[in-house]
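A.B. asks: Pasting a structure here, questions to come.
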Amino acid sequence: MPLRDLLLGLVVIAIWALNIIVIKVGVAELPPLLMTTLRFMLVAILLVPFYPVSRTQLPFLLLLSFTFGTLHFALLFIGLGQSEAGTGALLVQMGTPFATLLAVIFLKEKLGPKRLAGLLLSFAGVVVLAGGPTLPSPLPLCILLLSAFGWAVSQLLIKRGPAIAPLALAGWVALLAVPQVAIGSWLLESGQWQAIREASWAGWGAVFYTAVMSSIVAYGIWYALLRRHPVNRVVPMTLLVPVLAVGLGAVLMGDTLGFHKLMGGGLVVAGIGLILIRFRKRRPAL
């Protein structure tokens with residue numbers, strides 16, 4: 001990979017890792033579902049007018065708006081509001097093992113010993129994380145794992161669904177998810193108007209960052225890299241996201257770096273690495 005593209009990939013990784021911190025800053029001022037609603041509204045306003053889709057694609061996008069918009073993103077915002085940033089970043093990475101299991105069950109993909117070992121390491125890491133002090137109750141663990149499961153289901157749907165441009169998909173999923181998360185905020189949260197009036201530049205900056213930088217800028221660069229390079233050269237860079245998020249959480253948020261987080265996080269990252277990275281067989285010497 002040329003140095004320019006490698007640096008672009010690392011910029012995307014940094015944007016996504018910082019996104020975890022930014023979400024925590026945002027949900028400290030805005031209720032999680034309200035912040036998710038505002039994020040989706042901004043994404044939809046910026047993308048939908050420029051990326052039309054056909055009517056036949058709307059049922060698929062509506063289904064995806066539930067699994068990806070509501071189940072993944074809304075629960076991610078709720079879960080990060082109740083856990084440390086680094087722990088949340090590690091747990092959300094479990095979407096990759098979940099997606100692997102779903103592909104084996106529904107797409108009849110072969111698992112193989114390497115990916116099986118990766119699955120076992122990843123789930124062992126979650127067990128270690130769950131035993132640590134960064135998760136005072138099982139609720140944040142379940143919420144974040146369900147968010148990761150929503151991401152995994154969404155990847156399966158995207159793989160089997162109609163071909164839609166990535167930014168068109170992001171914009172229309174956001175638009176169709178707005179009423180879902182808005183109703184959820186209305187039913188489950190309170191003080192929304194007060195939170196909107198009293199939110200500081202940090203709260204509104206968090207909404208802007210999660211919508212524009214994380215969803216539009218980062219994904220735009222990422223999919224450009226995927227078009228120019230093999231998937232197995234680009235995707236393994238995502239392993240740096242939880243590592244960097246843990247470091248940023250410790251530096252910027254004062255998160256702890258205890259045994260459970262380091263050991264559990266190491267197991268999760270190692271397991272996902274085994275799932276994602278494809279090793280080439282060496283040719284026998286002549």
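The values are calculated or read from the model by the stated rules, or taken from the named source; none is laboratory data. Computed from a predicted structure; not experimentally measured. Because the Cβ atoms are built from the backbone with ideal geometry, glycine has one as well, and the counts that use them run over all protein chains shown. To get the accessible areas, we keep the full protein, side chains included, count just its heavy atoms, and leave off ligands, DNA and RNA. Shrake-Rupley method; radii C 1.70, N 1.55, O 1.52, S 1.80 Å.
A.B. asks: Apply the a/c threshold of 1.5 to the C-alpha gyration tensor of segment 94-168 and tell me whether it is rounded, prolate or oblate. If you can, show how the numbers build up before the last one.
C.D. replies: Numbers: a/c = 3.16, a/b = 1.45, b/c = 2.18.
Judged from the Cα gyration tensor, segment 94-168 comes out oblate (a/c at least 1.5, b/c at or above a/b).
A.B. asks: Treat each spin label as a single point 7 Å out from the Cα along the C-beta direction, and report the VAL127 to LEU6 distance in nm.
C.D. replies: Distance between the two pseudo-spin positions: 3.8 nm.
A.B. asks: For segment 3-276, give the percent of accessible area contributed by carbon and sulfur heavy atoms, probe 1.4 Å, rounded to a whole number. List each step's numbers first, then the result.
C.D. replies: Numbers: 9250 of 12460 Å².
Carbon and sulfur atoms account for 74 percent of the accessible area of segment 3-276.
A.B. asks: Put a dot 7 Å past each Cα toward the Cβ at LEU257 and LEU116; how far apart are the dots in nm?
C.D. replies: 3.6 nm
A.B. asks: I'd like the Karplus ³J(HN,Hα) series for segment 148-159: coefficients 6.51, -1.76, 1.60, θ = phi - 60°, whole numbers in Hz, and an x wherever there's a Gly or Pro.
C.D. replies: Along segment 148-159, the couplings run 5, 5, x, 5, 5, 4, 5, 5, 5, 5, 4, 5 Hz.
A.B. asks: Once you have the Cα-Cα distance between ALA195 and ARG278, take 0.36 nm times their residue separation minus that, and quote the gain in nm to one decimal. All intermediate terms of the calculation are to be shown ahead of the outcome.
C.D. replies: On the way: separation 83, 0.36 × 83 = 29.88 nm, distance 4.71 nm.
Separation in residues times 0.36 nm, less the Cα-Cα distance, equals 25.2 nm.
A.B. asks: In the neighborhood of PHE73, defined by Cβ-to-Cβ distances under 15 Å, what is the net charge if each Lys or Arg adds +1 and each Asp or Glu adds -1? Provide the component values of the computation, followed by the final result.
C.D. replies: Values: positive: LYS24, ARG39; negative: none.
Within the 15 Å Cβ shell, the charges total +2.
A.B. asks: Residue by residue, what Karplus-based ³J(HN,Hα) values in Hz, rounded to whole numbers, does segment 240-250 have, using 6.51, -1.76 and 1.60 with θ = phi - 60° and x for Gly and Pro?
C.D. replies: 6, 4, x, 4, 5, 5, 4, x, 5, x, 5
A.B. asks: Something else about it: Go ahead and estimate [θ] at 222 nm for the chain from helices alone: -39,500 (n - 2.57) per DSSP H run with n ≥ 4, summed, over the residue count, rounded to 500. Walk me through the numbers on the way to the answer.
C.D. replies: Values: 15 runs with 200 residues, N = 286.
That comes out to -22500 deg cm²/dmol.
A.B. asks: Can you tell me the Rg and the Dmax, both Å, for the Cα atoms in the chain?
C.D. replies: Rg and Dmax of the chain, Cα atoms, are 18.8, 74 Å.
A.B. asks: Continuing with the same structure: Between LEU188 and TYR51, take the C-beta separation as r, use R0 = 22 Å, and let me know the FRET efficiency to the nearest 0.05. Working shown, then result.
C.D. replies: Numbers: r = 31 Å, r/R0 = 1.41.
Efficiency, rounded to the nearest 0.05: 0.10.
A.B. asks: For the chain, what is the accessible area per residue in Å², given a 1.4 Å probe and the full set of protein chains?
C.D. replies: Numbers: 14240 Å² over 286 residues.
Ligands and nucleic acids excluded, the figure is 50 Å² per residue.
A.B. asks: For segment 68-161, run through the trypsin sites (Lys or Arg not before Pro) and keep only the ones in DSSP coil with at most 14 other Cβ atoms within 10 Å of their Cβ. All intermediate terms of the calculation are to be shown ahead of the outcome.
C.D. replies: Values: sites: LYS108, LYS110, LYS114, ARG115, LYS159, ARG160; in loops: LYS108, LYS110.
For trypsin sites (Lys or Arg not before Pro) across segment 68-161 that sit outside H, G, I, E and B with at most 14 neighbouring Cβ atoms in 10 Å, the list reads LYS108, LYS110.
A.B. asks: Figure the gain on full extension for TYR223 and LYS159 (residue separation times 0.36 nm, minus the Cα-Cα span) and round it to one decimal in nm.
C.D. replies: Details: separation 64, 0.36 × 64 = 23.04 nm, distance 1.48 nm.
Between TYR223 and LYS159, full extension yields an extra 21.6 nm.
A.B. asks: Here's a follow-up. So for segment 3-276, if I pair up every lysine 8 or more residues apart or on another chain, how many of those pairs have alpha-carbons under 30 Å apart?
C.D. replies: Details: LYS24/LYS261; LYS108/LYS159; LYS110/LYS159; LYS114/LYS159; LYS114/LYS261.
Taking the Cα cut-off of 30 Å, the pair count is 5.
A.B. asks: Report the one residue of PRO138, ILE275, VAL212 whose Cα lies farthest in the direction of the positive end of the charge dipole of segment 3-276 (charges on C-beta: Lys and Arg +1, Asp and Glu -1; origin at the Cα centre).
C.D. replies: Projecting each Cα onto the dipole axis, the largest value belongs to ILE275.
A.B. asks: Would you please give the FRET efficiency between SER137 and ILE105, computed as 1/(1 + (r/R0)^6) with r the Cβ-Cβ distance and R0 = 25 Å, to the nearest 0.05?
C.D. replies: On the way: r = 30 Å, r/R0 = 1.20.
Result of the calculation: an efficiency of 0.25.
A.B. asks: Give, rounded to the nearest 20 debye, the magnitude of the charge dipole that the chain has about its Cα centre when Lys and Arg contribute +1 at Cβ and Asp and Glu contribute -1 at Cβ.
C.D. replies: Values: 20 positive and 7 negative charges, 321 e Å.
Dipole size: approximately 1540 debye.
A.B. asks: Let me ask something else about it. Looking at GLY79, LEU240, ALA163, which one has the Cα that reaches farthest to the positive end of the dipole of the chain (charges on Cβ: Lys, Arg +1; Asp, Glu -1)?
C.D. replies: ALA163
A.B. asks: What residues qualify as long-range amide H neighbours of MET94, i.e. H under 5 Å apart, gap of 5 or more or another chain, H built at 1.01 Å from N?
C.D. replies: Distant-sequence amide H within range of MET94: zero hits.
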